[in-house]
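Quick notes on the structure that follows.
Readers should treat all values here as calculations from the given coordinates under stated rules, not as data from a laboratory. All values reported here derive from a predicted model rather than from experimental measurement. With ideal geometry, Cβ positions are generated from the backbone for all residues, glycine too; neighbour counts draw on all protein chains shown.
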């Protein structure tokens, strides 16, 4: 399933991921404090994300149905597809152009690449 969230929904989800499960009243307070939202805004976002099957609101207790990692991965893949035609080498070339990597960064990248290639 593809989950589409906008920036404000993502900020809301970040609060929920850090604190879930939460009573909707506590979520209203956190969103007011951290995002400056009114009660009605928080309930609207809860409703929208419930309709998208990203959160559930059962007996006024709100929890996510989708992990941060799932959303982040989908967002990253959409960015890669939109901006670099899905090409990881094109993304890396663009990102690294004119930038020098530290020895530690190179080691970390090599390690990730070896781990991926070991899975094949």
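Dividing the mean sequence gap of close Cα pairs (under 8 Å, 6+ apart) by how many residues the chain holds gives a relative contact order of 20 percent. Before anything else, pin down the relative contact order of segment 7-68: Cα pairs under 8 Å, at least 6 apart, normalised by residue count, whole percent. Result for segment 7-68 is 38 percent.
Where does the chain land at 222 nm, in deg cm²/dmol rounded to the nearest 500, when only DSSP H runs of n ≥ 4 count, each adding -39500 (n - 2.57), divided by all residues?
Only helices count here, giving -21500 deg cm²/dmol.
A simple packing score, the average count of other Cβ atoms within 10 Å per residue, orders the peptides 20-31, 53-64, 96-107 as 20-31, 53-64, 96-107, with the highest score first.
The share of C-alpha pairs in segment 7-68 whose separation exceeds 16 Å stands at 30 percent. Gaussian network model of the chain, Cα springs within a sub-10 Å range: biggest mean-square fluctuation belongs to which of 109, 71, 15? Taking springs between Cα atoms under 10 Å, the residue moving most is 109.
Of 37, 17, the sequence from fewest to most neighbouring Cβ atoms within 10 angstrom is 17, 37.
Between residue 93 and residue 56, the FRET efficiency from the beta-carbon distance, with R0 = 30 Å, is close to 0.10. How are the alpha carbon pair distances in the chain distributed across 10 Å bins from zero to the largest one, expressed in percent? Result, from short to long distances: 11, 32, 24, 20, 12, 0 percent. Helix 103-118 axis versus longest C-alpha principal axis of the chain: approximately 80°, rounded to the nearest ten.
Going by alpha carbons, how many degrees (0 to 90, nearest 10) lie between the helix axis of 24-35 and the longest principal axis of the chain? Taking the Cα atoms of the chain, the angle to 24-35 is about 50 degrees. Measure nothing but the geometry: give the 0 to 90° angle between the long axis through the Cα atoms of 68-84 and the longest principal axis through the Cα atoms of the chain, rounded to 10°. Around 50 degrees separate the two axes.
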